[in-house]
1. Could you list, ordered by first residue, the pairs with Cβ atoms under 8 Å in which the first is in the range 406-424 and surrounded by fewer than 18 Cβ atoms within 10 Å (Cβ to Cβ) and the second is among the β-branched types (Val, Ile, Thr) and in a helix (DSSP H, G or I), at least 6 apart or interchain?
2. So which residues in the range 83-105 are in a helix (DSSP H, G or I) and either within 11 Å of the ligand (Cβ to nearest atom) or surrounded by fewer than 24 Cβ atoms within 10 Å (Cβ to Cβ) (or both), if there are any at all?
3. Scan the range 363-391 and report the pairs whose first residue is touching a residue at least 12 places away in the same chain (Cβ under 8 Å) and whose second residue is more than 13 Å from the ligand (Cβ to nearest atom) and acidic (Asp, Glu), with Cβ atoms within less than 8 Å and a gap of 6+ or a chain change.
4. So which residues in the range 106-137 are surrounded by fewer than 23 Cβ atoms within 10 Å (Cβ to Cβ) and either under 24 Å from Ala158 (Cα atoms) or near the ligand (Cβ under 10 Å from one of its atoms) (or both), if there are any at all?
5. When you look at Ser395, is it more than 13 Å from Ala375 (Cα to Cα) and outside any loop (DSSP other than H, G, I, E, B), yes or no?
6. Within the range 256-289, which residues are surrounded by 15 or more Cβ atoms within 10 Å (Cβ to Cβ) and among the polar types (S, T, N, Q)?
7. Tell me whether the range 344-362 contains one or more residues that are of a type in the set (Asp, Glu), in contact (Cβ under 8 Å) with a residue 24 or more places away in the chain and within 10 Å of the ligand (Cβ to nearest atom).
8. For the range 1-17, how many residues meet the condition of being in contact with a helix residue (DSSP H, G or I) (Cβ under 6 Å, 6 or more places away or on another chain), part of a helix (DSSP H, G or I), of a type outside the set (Gly, Ala, Ser) and free of Cβ contacts under 8 Å to residues at least 40 places away in the same chain?
Amino acid sequence: MGIAEKEIKKFENHNCAENAVFYQAMEEVIYSIAPLLESDEKYIKYAILERLVVPDRIIKFKVTWLDDNNKIQVNTGYRVQFNNALGPYKGGLRFHPTVNEGILKFLGFEQILKNALTGLPIGGAKGGSDFDPKGKSDFEIMKFCSGFMTELHKYIGARMDVPAGDIGVGAREIGYLYGEYKKITSTYEGVMTGKPFFFGGSLMRPEATGYGAVYFTESMLEIEGKEPLTGKICTVSGAGNVALHAIEKLQQIGAIPVSCSDSKGTLHDARGLDLKLLKEIKLKRRGSLQEYVKSHSEAKYIPVDEYPQDGHPVWDIPCYAAFPCATQNELCETDAKNLITNGCVSVTEGANMPSRPEAIELFLSHKICFAPAKAANAGGVAVSEFEMSQNASMSRWSFEKVDTKLKETMQMICKRVALTAKDYGVEGNYVDGANIAGFKKVADAMIAEGI
Ligand code: GLU
């Protein structure tokens, strides 16, 4: 039995249905860091893995709120404060009916290593609720956010734990959450990031994750000696904040993004997407992608009930580069096979852990440039940290300053990941590179800080 298998065995008790995604994320990291554990015994001696896979604390609370019919509704809220070896707990809030402890543990665990890779002083956390924002009125969202913050405010602080957005939590929700925090505590501190600009948000925070994923890809393609994205067909899944801004940046650099998707279906516009219309539909009207084909009849819309039995239609569109930006485990083995057969050269994870392990296996064995989420989508949290800096010094940075720093950060992460992979004998494997570099940073801090 190798060192990775021995370590994984120790955590078998974590492997239950609710923890499936957490276990998947943990297993991947342990396999990646095996050479590090073998080359330096201190990580085993100081029981770093045992300490890292258990969150510092999980806060679970009840959220009661009144719907528009004056009926009392009850949801569960969570904050998983995972690790603060490198700085205050930092990570988003997800509002989605699938949210449970296991999903938040997976996201929080990934966040520790992602935040470490940015080189910025931020620890890892995640939170959220099983509340479903779909179909709720603006007032219902407001009332839910107030109820959520009534409890959460006790556990967060600008130097303690700084939540932000994730799926189902954008500027509107952050505004309501922050407003409630301010009302309860009477403090105007940067306790949340992703705030609207006019009351303390950073310019470019909405764009940061999507833009950052494209900057990372450009850097990776250059390092790997591949052709740049300009003029190339790109496929994107998702139609949220990350997907729309990845599409925007791709268009700005002259690439041709042709697809996106939401929970109801997939859109394929072979001439290149009309981003203005997409933003109107998804950000303003909060509508369905089906509305797009009313204005562009040449585009193809595939509703979910016409999807193939196995695989997702987005990944069956021939492309040079793919950007899964929807959600975890959205890209399966069949999708990976389709991408490879159709000549795809590069896959960049904009969402958190969108590729299943078997798909990653195939990408790596076929020498596809594969950018894992914890490195490629770190631009969002990096700009969140820039927002914390601006709030702490009561200053504001220009769009250009944030953009330049974001680009530099993504290039730095990419180079560090590529170099780490080379140093540990797995050149070109950005999964192992990211896991080793992120783990080493946190582990060394934990060792230096004692138990
Ligand atoms: N939810 C985002 C992520 O997965 C952003 C977290 C943050 O800005 O704190 O990285």
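All of the numbers you see were taken from the coordinates with simple rules; none came from a lab. What you see is a predicted model; the values in this text were computed from it and never measured. Cβ sites come from the backbone with ideal geometry, for glycine too, and all protein chains shown count toward neighbours.
1. Close Cβ pairs satisfying both conditions: Lys415/Ile223.
2. Matches in the range 83-105: Glu101, Gly102.
3. Short answer, once both residue conditions are applied: Cys369/Glu224; Asn391/Glu189.
4. Gly119, Leu120, Pro121
5. For Ser395, the condition - more than 13 Å from Ala375 (Cα to Cα) and outside any loop (DSSP other than H, G, I, E, B) - is not met.
6. Passing the criteria: Ser259, Ser261, Thr266, Ser288.
7. No, the range 344-362 contains no residue that is of a type in the set (Asp, Glu), in contact (Cβ under 8 Å) with a residue 24 or more places away in the chain and within 10 Å of the ligand (Cβ to nearest atom).
8. 3
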